[in-house]
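Following: one structure in structure tokens, then a few remarks.
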Amino acid sequence: MTTAAPVPSAPEPVAPVTPTVAPEPSLPPWSLAKRLGFRFVCAYVLLYAFPFPVYVVPVIGEPISETISDFWNLVVPWVTRNVAGYQGELSLAQTGSGDKAIDYAQTAVFLALALVATGVWSLVDRRRPRYEKAHALLHLYVRYLLAVPMLGYGFSKVFKSQFPMASVERLTQSLGDFSPMGLLWTFMGHSPGYNLFTGGAEVLGGLLLLARRTTTLGALVVIGVMSNVVALNFFYDVPVKLYSTQLLLFAVFLTLPDLRRLANVFVLNRATQPASLELPFTLSPPVLWASRAVKVLFIGWLLHNNITKSHERYTQWGDGAPPPPFGGLYKVESFTRDGQELPPLLTDPHRWRAVSVGRNVVAARLMNDVRRYFPVKEGEAGKSILLMSRRGDDAKPVATLQRETPDAEHFVLEGEVDGAKVHVRLKQVDISNFELRGRGFHWVQEKPYNR
């Protein structure tokens, strides 16, 4: 009897193993100090910069900016007087100074409001562990907020208009009579090459800030440039201390995310990892392409606007502007007042010693070294000049002087000044004889030429 071999049973089906994916590690929460600092900086920047970038947009920007400015011009003086108890002058006049009492008061109000906003924000949003998305948006905002003035200031130096060449009036002014700011302006205005160098650095920093990949490099360039600008403003008493300091702090803010990596490379000699350039949020393709189009248009308009306006200023009243008619320095050969010729006595408070004719201004240097400045306009047919009471389209003439040109080196002014009839004969002085204008550049110098 044979026994049949056992039939092997079919193997049990094995269930497929699903690979387990480890969850992405959650990012660590920010420290309390970092969260408080971010809230404060975010509140202050928005208070300070609003309505940027709307105010740089043509047509709609200016009225919106004026409305916001009018609002703060009402709020800041009221808070300063009624809350802080300050009773000094708070002039709202536009004088070209950014360090007026009202400017310090407005900065103080913004800082106080930012502190209040930080407290309220911290109470309402105390459970949020971090602000990745908000920080990315604020970082983007500050990039453009800093890039716009850097390009503006930079192109005003590339097209040399911020610091014009020393006028003939400056050339005859005693060095001891210069203000610190006047000395700085004369120093900067003397060299087109140095203007190109400093302006080019500012333009470079501004351009680098416009791309996320080169933001840190741009911020480092701006820190180098603006540290020098801030030092000059403080040590030469230029009234742009507040504004320039805030631009420097904006540049520092942009470097903070890479501060550890920069320290590893430049200080600690350690390896570092590349920074992630990905945004902490996702944009749909239409929104992404629309944002890129807006960016290209904005940057194109920004460059076009800065270049054209800087070039316009350069050709209108910068170094590229045509010289004024009869512009230059003149010594007074004879001076007659009410029919009596006055000798060149140093004690005479009426006789003129020299006259400098600049663009829209005439400066008369008296025998006692007092200088009188007259904004001027051309008279009819270019045969007379009008001495104005002040600058501005609504200024009134205080004197009309007829002008004659006996020869190429002389001209004569005749009219009534300060209630007296004057007749002044002037001879032009060759300003190339001044060391500052005539020295020029030399590659080879056997010894220093320091005068």
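The values are calculated or read from the model by the stated rules, or taken from the named source; none is laboratory data. Since this is a predicted model, take the numbers as computed values, not measurements. Neighbour counts are summed over all protein chains in view; Cβ atoms, including those assigned to glycine, are modelled from backbone coordinates with ideal geometry.
Mind checking which residues of segment 413-451 are closer than 15 Å to T172 by Cα and not in a strand (DSSP E or B)?
Our first condition is that a residue be closer than 15 Å to T172 by Cα; within segment 413-451, this holds for 428-438.
Result: D430, I431, S432, N433, F434, E435, L436, R437, G438.
What's the number of the condition A364 fails, among (1) closer than 24 Å to L346 by Cβ; (2) in a loop (DSSP other than H, G, I, E, B); (3) under 33 Å from the mean Cα position of the chain (by Cα)?
(2)
Per-residue answers, yes or no, for (1) closer than 24 Å to N305 by Cβ; (2) modelled with pLDDT under 90:
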| site | (1), (2) |
| --- | --- |
| A4 | no, yes |
| V17 | no, yes |
| L27 | no, yes |
| K34 | no, no |
| L47 | no, no |
| V59 | yes, yes |
| I68 | yes, no |
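What number of residues within segment 252-282 are in contact (Cβ under 8 Å) with a residue 60 or more places away in the chain, farther than 22 Å from A147 by Cα and outside any loop (DSSP other than H, G, I, E, B)?
Total satisfying the criteria: 0.
Which ones in segment 166-215 are crowded, with 18+ Cβ neighbours inside 10 Å, among the charged types (D, E, K, R) and either within 30 Å of R143 (Cβ to Cβ) or not assigned by TED's automatic domain parsing to the domain that holds Y144 (or both)?
E202
For segment 302-342, what are the residues that are small (G, A, S) and assigned to a strand (DSSP E or B)?
G328, S334
Give just the number: which of (1) part of a strand (DSSP E or B); (2) farther than 24 Å from P322 by Cα does R403 not satisfy?
(2)
Any idea which of F266, F281, F235, F250 is crowded, with 17+ Cβ neighbours inside 10 Å and in the same structural domain as L204 (by TED's automatic domain parsing)?
F250
Would you mind stating whether A117 is hydrophobic (A, V, I, L, M, F, W, C), surrounded by 11 or more Cβ atoms within 10 Å (Cβ to Cβ) and not in a helix (DSSP H, G or I)?
Here the answer is no, as A117 does not meet what is asked.
What number of residues in segment 139-165 are surrounded by 18 or more Cβ atoms within 10 Å (Cβ to Cβ) and more than 30 Å from P322 (Cα to Cα)?
6
For F110, indicate whether it is in the same structural domain as L283 (by TED's automatic domain parsing), touching a residue at least 24 places away in the same chain (Cβ under 8 Å) and assigned to a loop (DSSP other than H, G, I, E, B).
Against the criterion (in the same structural domain as L283 (by TED's automatic domain parsing), touching a residue at least 24 places away in the same chain (Cβ under 8 Å) and assigned to a loop (DSSP other than H, G, I, E, B)), F110 does not qualify.
With the condition kept exactly as written, say whether any residue in segment 131-150 is over 30 Å from F197 (Cα atoms), touching a helix residue (DSSP H, G or I) at 6+ places or on another chain (Cβ under 9 Å), at pLDDT 90 or above and not aliphatic (A, V, I, L, M).
Within segment 131-150 (the criterion being over 30 Å from F197 (Cα atoms), touching a helix residue (DSSP H, G or I) at 6+ places or on another chain (Cβ under 9 Å), at pLDDT 90 or above and not aliphatic (A, V, I, L, M)), the answer is yes, since at least one residue qualifies.
Among the residues of segment 53-71, how many are crowded, with 17+ Cβ neighbours inside 10 Å and touching a Phe, Trp or Tyr at 6+ places or on another chain (Cβ under 9 Å)? Break it down into steps so the answer makes sense when it comes.
So in segment 53-71, the residues crowded, with 17+ Cβ neighbours inside 10 Å come out as 55-56, 65.
Retained after the next criterion (residues that are touching a Phe, Trp or Tyr at 6+ places or on another chain (Cβ under 9 Å)): 56, 65.
Counting residues in segment 53-71 that are crowded, with 17+ Cβ neighbours inside 10 Å and touching a Phe, Trp or Tyr at 6+ places or on another chain (Cβ under 9 Å) gives 2.
Say whether the condition of being among the polar types (S, T, N, Q), without any contact (Cβ under 8 Å) to a residue 60 or more places away in the chain and assigned to a helix (DSSP H, G or I) is met by at least one residue in segment 120-133.
Checking segment 120-133: not a single residue is among the polar types (S, T, N, Q), without any contact (Cβ under 8 Å) to a residue 60 or more places away in the chain and assigned to a helix (DSSP H, G or I).
Y449 passes all but one of (1) touching a Ser or Thr at 6+ places or on another chain (Cβ under 8 Å); (2) hydroxyl-bearing (S, T, Y); (3) closer than 29 Å to F187 by Cα; which number fails?
(1)
State whether one or more residues within segment 80-92 are buried (at least 18 other Cβ atoms within 10 Å of the Cβ) and within 30 Å of T255 (Cα to Cα).
no
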